[in-house]
Each structure stands twice: as C-alpha cells, then as structure tokens.
Amino acid sequence: MFTIGLSRIELITLFGSVLFLGLILECVRRQRLKEAYSLLWLFTGIAFVILSTWHESLRILSDILGIQYAPATLFLLLMIGIFCILIQFSIVLSKRVEHIKNLNQEIALLNHRVEKLEAQLREREHHAPDNHEPQDHS
C-alpha cells in the first residue's frame, strides 16, 4: 500500500480536514456562506490540516501551554474556536436585531403616513363639488 509516511488515522484526519475546507469553500462559492463569516471556519480547517499532518505541533503547543495530555490541547483549541464562532454569530445577530427594529419603526411611520394621506384624500373627495353636471361653455 502506498503511504507518504502517514498512519491510517493521519490519512483519515487529513482527508476529513481537506473535505471540511472544500465544503467551506464550496459554500462560499455558492454564496451560502458569506466570506466574512467563513474566515473563522477556514482558519479552523487550516488548523485541522496542520494538526492532521504535523502531530508534533500539537505536542509542542501542549508543552508551551503546560498541558500534559496532547489530545486535551486539541479539545481546548476546538472549544476556543467554537467560542470565537459563537461570539461572531452573536455580534452579527445583535446587528441584525437592531436593523430589524429600525426597519419596523420605519414601516410603522410609513404606514401612519399612508393612513394620514388616505384620510386626507377621502376628506377631499367627500367635500369636492359634484362635477358631473354638464357645463355650459357659451
């Protein structure tokens, strides 16, 4: 069997990481995911590829952080990534809620204006003289 020095689990995780990156890029291409929102997902996918191919990076990072069990470092990185994505979504959601509130207020003002104009129109039609009688142009 042809391998490039990677174990079976490394090949599987590398394949999964590349597939994940491909999915993110395809979602951006089809405009299902905006570029601004995809950045954290792309960084996460790139980190997966690095960790899939260079396991020593996880051990080095674990040593730097003082974590003795390397998979715990991976779990920590995943949690930090998820929290970053949740914060980003919360910011976007907050902006959207404010925008929706402003749009609803604008719609209410426009509806009030339309109702006022309709009332003025009905008032003019009610007080307008009947112009249905033939006029004498002589």
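The values are calculated or read from the model by the stated rules, or taken from the named source; none is laboratory data. This structure is a prediction, so every number in the text was calculated from the model and none was measured. So basically every Cβ, Gly included, is an ideal-geometry build from the backbone, and we count neighbours across all protein chains shown.
So the values come out like this:
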{"item": "Any pair with Cβ under 9 angstrom, 6 or more apart, that starts in region 15-35 at a residue that is at positive phi and ends at one that is modelled with pLDDT of 90 or more and aliphatic (A, V, I, L, M)", "result": "none"}
{"item": "Of the criteria (1) surrounded by 13 or more Cβ atoms within 10 Å (Cβ to Cβ); (2) among the polar types (S, T, N, Q); (3) not in a helix (DSSP H, G or I), which one residue 88 fails", "result": "(3)"}
{"item": "Matching entry among 106, 56, 115 (being over 19 Å from the mean Cα position of the chain (by Cα), in a helix (DSSP H, G or I) and within 23 Å of residue 13 (Cα to Cα))", "result": "56"}
{"item": "Residue in region 128-135 that is of a type outside the set (Gly, Ala, Ser) and part of a helix (DSSP H, G or I) present", "result": "no"}
{"item": "Verdict on residue 80 being of a type outside the set (D, E, K, R), under 26 Å from the mean Cα position of the chain (by Cα) and exposed (fewer than 13 other Cβ atoms within 10 Å of the Cβ)", "result": "yes"}
{"item": "Checking residue 67 against (1) assigned to a helix (DSSP H, G or I); (2) surrounded by 13 or more Cβ atoms within 10 Å (Cβ to Cβ), the condition it does not meet", "result": "(1)"}
